[in-house]
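Beneath this line is the structure, given in structure tokens, with notes to follow.
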Amino acid sequence: MAGRGLFMSRKLVLAGLALCGLAMLVRTYHIENSKTVPTSWHLVGDAKGYYDWSQFIAAGDWMGNEPFYQAPLFPYTLAVITKVIGPDPNRMLYVQAIWGTLAVLLIYLATARLFGLMAGCLAGVMYALYPPAIFFDGILQKASLAGFLVCALIYLLTLRNSVISYVRAISLGLVLGLLCLTRENAFSWWPFILIWIIVESLRGRHAGENHLEENSESCSRRKSNALESPRGLKPAARERRTSLLMLVVLFLFGMMLVLGPVALRNRKVGGAWTLSTFQAGPNFYIGNGNSADGYYRPLVRGHETPQFERADATLLAERAEGRALSSREVSSYWMARVWSEISESPGRWVKLMGRKLLMAVHRYEVADVESLAVYSAASPVIGVIGSIWHFGVLATLAAMGLMLTRSRWRELWIYYVMIAVMILAVAAFFILARYRFVLVPLMIPFAAIGLVETVRRVRAGRVMSLWGAGLAGVVVAGVCHWPMHDEARLDALAFMNAGVAAAEAGQLAEATPYLAYAVEIHPSSMEAQNNLAQALSLQGRFDEAVGHYEAALVSARIDIEPGGPEATSLRARFGKKEDASLPVPMDVEGHGVEPGVLAGIEYNYGVALERVGQSSEALAAFERAVVLRPGDDGARAAVERLSAKLRGE
């Protein structure tokens with residue numbers, strides 16, 4: 001037995017080393033291949049926000065002067081990395097690759113403890129090669145750190161002790177606290193993990209007592225009634241209760257050891273207590289307000305980046321309330337507003353929640369600014385693997401694994417609960433790939449055992465015993481592949497973001513192919529057509545730009561109802577009641593097309609037309625720009641200049 005145990009230990013170590021090598025190799029290869037993607041060398045969106053924040057911290061501003069609006073652990077981690085290896089974002093990606101590799105090791109060990117070495121090895125391979133995991137390790141996003149922390153949490157949950165130890169309890173609290181400062185929806189797990197600690201402690205101690213009673217029966221007979229407490233409580237029972245209380249206290253202490261300083265810091269700089277951030281209210285409104293559709297939409301159109309999010313939420317709330325508001329009051333305002341809107345149309349909200357639940361488990365990875373689709377085009381390792389290994393396959397295999405291991409529900413119930421609760425927590429707000437990524441480490445072990453057990457039963461000729469798992473897999477596969485998203489539009493937006501990043505960096509030649517591909521896959525996108533037209537204009541290719549400006553203007557008017565009340569209101573606003581072609585303005589929640597945006601397109605269209613010698617058409621475009629934006633002095637000057645030119649003055 002000792003020899004077999006040593007052999008298994010050697011196999012465990014060798015397999016772990018091989019998996020670490022595989023994980024680090026594919027992540028390094030991916031990072032090197034992704035250097036051609038503009039967003040990898042010109043940071044945008046949250047990546048830029050986190051990086052800039054980390055540099056302020058590294059420069060000495062460790063306290064800050066406002067309550068946290070975004071989860072703080074990731075930028076503080078980047079600040080520490082900056083202090084050690086410097087501020088180069090590319091170097092930071094290799095640090096992320098290291099903890100991504102450690103995450104593979106942890107999920108391998110955890111799965112091996114739960115379901116055996118074969119399943120553990122398969123789980124390690126699955127996570128090492130899972131395209132979104134590689135993708136998130138290769139961009140500056142907190143999803144990478146969140147994935148590592150979830151793997152660490154699962155590892156701690158799978159430690160095989162007959163009795164929950166004090167060190168294990170405080171470690172669970174520490175890791176969960178860190179996870180809450182990275183991915184706030186992890187707060188939904190703490191009561192269930194606490195219950196699990198209590199249940200497992202009682203179960204372990206009960207098993208241990210039974211074992212001791214069987215081996216020390218003679219000693220038990222000699223126990224005296226004098227050892228009982230005055231209230232009839234034996235010292236052993238009292239010790240059990242004290243020990244159980246200590247486990248609860250240590251778990252909560254571990255969490256507060258991480259969250260407590262954040263709460264104190266928020267209180268000091270903002271005057272209000274909170275364990276993490278004040279972002280819940282605005283985010284909940286974005287995900288559940290009257291205009292919500294399951295995707296992220298900024299409160300103000302065009303303000304999708306972190307530097308605007310807090311300011312917009314505060315400005316709109318203060319404007320509605322008519323006074324200055326604290327961070328807590330801003331969050332409360334949006335929370336109260338969304339519940340008011342939900343109460344006015346509960347049926348709409350129930351339907352929306354159903355849609356978001358389906359989106360939360362759909363195979364498609366909904367991008368924020370940086371997209372898996374863009375990086376897949378540049379990185380063969382995720383481009384090739386991603387066609388066969390994605391969330392739809394993972395969820396299908398995990399469903400089969402859950403069915404095949406259901407007889408062990410008393411041991412595995414905590415994982416069922418954590419998966420279900422996190423799906424609900426993700427769907428409660430809006431759907432992004434990085435939000436639901438924390439589900440992946442929880443599902444990988446069940447996917448691995450699902451595949452291993454299926455092969456085992458097929459080889460043993462027990463195919464009929466797989467009917468329940470097969471049915472579950474078919475149902476989940478159908479849900480994951482149900483048509484939900486306008487994938488062409490979402491992918492076009494992602495490629496457009498990459499092109500815009502290159503253009504912002506002054507690399508117009510780099511930007512044009514991304515913008516052109518966005519137009520190719522979604523030609524009716526106003527934003528894609530307009531951005532491509534601007535990039536072409538800046539390169540002096542006005543003859544090509546004209547057609548794309550025209551397409552942008554046509555796309556902008558596709559959603560207009562000329563006879564609708566909004567159009568009538570807009571025509572009255574601009575004094576052009578006879579013109580039914582004028583567009584509808586957007587509201588503050590970011591829907592519709594803003595007149596100022598169209599005015600800019602019309603003006604640029606006029607410039608391009610004038611440069612290619614179409615002066616009459618250019619004059620008409622400038623006139624429309626003036627109607628849309630009366631204060632546009634540049635457009636007015638262009639109208640006067642071209643009018644005089646056409647009159648021959």
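The table below gives the values:
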quantity: Count - residues of region 180-201 that are in a helix (DSSP H, G or I) and either free of Cβ contacts under 8 Å to residues at least 60 places away in the same chain or not hydrophobic (A, V, I, L, M, F, W, C) (or both); calculated: 11
quantity: Candidate set from region 486-509 (those that are in contact (Cβ under 8 Å) with a residue 12 or more places away in the chain and acidic (Asp, Glu)); member that is farthest from Met526 (Cα to Cα); calculated: Glu504
quantity: Some residue of region 354-362 being part of a loop (DSSP other than H, G, I, E, B) and not β-branched (Val, Ile, Thr); calculated: yes
quantity: Residue among Glu527, Glu453, Glu520 that is over 30 Å from Gly281 (Cβ atoms), of a type in the set (D, E, K, R) and in contact (Cβ under 8 Å) with a residue 12 or more places away in the chain; calculated: Glu453
quantity: So Ile419, is it surrounded by fewer than 21 Cβ atoms within 10 Å (Cβ to Cβ), closer than 19 Å to Gly392 by Cα and not polar (S, T, N, Q); calculated: yes
quantity: Residue match in region 589-611 (condition: surrounded by 19 or more Cβ atoms within 10 Å (Cβ to Cβ), in a helix (DSSP H, G or I), modelled with pLDDT under 85 and within 42 Å of the chain's Cα centre (by Cα)); calculated: yes
quantity: Among (1) touching a Lys or Arg at 6+ places or on another chain (Cβ under 9 Å); (2) closer than 20 Å to Leu490 by Cβ; (3) open to solvent by less than 60 Å² (accessible area, probe 1.4 Å), the one test that Leu372 misses; calculated: (1)
quantity: Thr396 of a type in the set (S, T, N, Q), under 24 Å from the mean Cα position of the chain (by Cα) and modelled with pLDDT of 95 or more; calculated: yes
quantity: Residue tally, condition modelled with pLDDT of 90 or more and either of a type in the set (Val, Ile, Thr) or over 25 Å from Asp491 (Cα atoms) (or both), over region 290-302; calculated: 1
quantity: Leading residue by the ranking (most open to solvent (accessible area, probe 1.4 Å)) among those in region 107-121 that are over 13 Å from Pro441 (Cα atoms) and part of a helix (DSSP H, G or I); calculated: Met118
quantity: Residue list for region 375-416, filter: of a type in the set (Gly, Ala, Ser), open to solvent by 60 Å² or more (accessible area, probe 1.4 Å) and part of a loop (DSSP other than H, G, I, E, B); calculated: Ser387
quantity: For Arg363: the one exception among (1) charged (D, E, K, R); (2) in contact (Cβ under 8 Å) with a residue 60 or more places away in the chain; (3) more than 14 Å from Tyr130 (Cα to Cα); calculated: (3)
quantity: Exclusive hit being aliphatic (A, V, I, L, M), surrounded by 19 or more Cβ atoms within 10 Å (Cβ to Cβ) and either outside any helix (DSSP H, G or I) or on the phi > 0 side of the Ramachandran plot (or both), set Ile431, Ile444; calculated: Ile431
quantity: Filter result (closer than 19 Å to Met484 by Cβ and assigned to a loop (DSSP other than H, G, I, E, B)) within region 276-308; calculated: Ser291, Ala292, Asp293, Gly294, Tyr295, Tyr296, Arg297
quantity: Residue within region 474-495 that is at pLDDT 95 or above, more than 19 Å from the chain's Cα centre (by Cα) and crowded, with 22+ Cβ neighbours inside 10 Å present; calculated: no
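The values are calculated or read from the model by the stated rules, or taken from the named source; none is laboratory data. No experiment lies behind these values; they were computed from the predicted model shown. Positions of Cβ are generated from backbone atoms using ideal geometry, with glycine treated the same way; all protein chains shown enter the neighbour counts. Please note that ligands, DNA and RNA were not included when accessible areas were found on the heavy atoms of the full protein model with its side chains. Shrake-Rupley method; radii C 1.70, N 1.55, O 1.52, S 1.80 Å.
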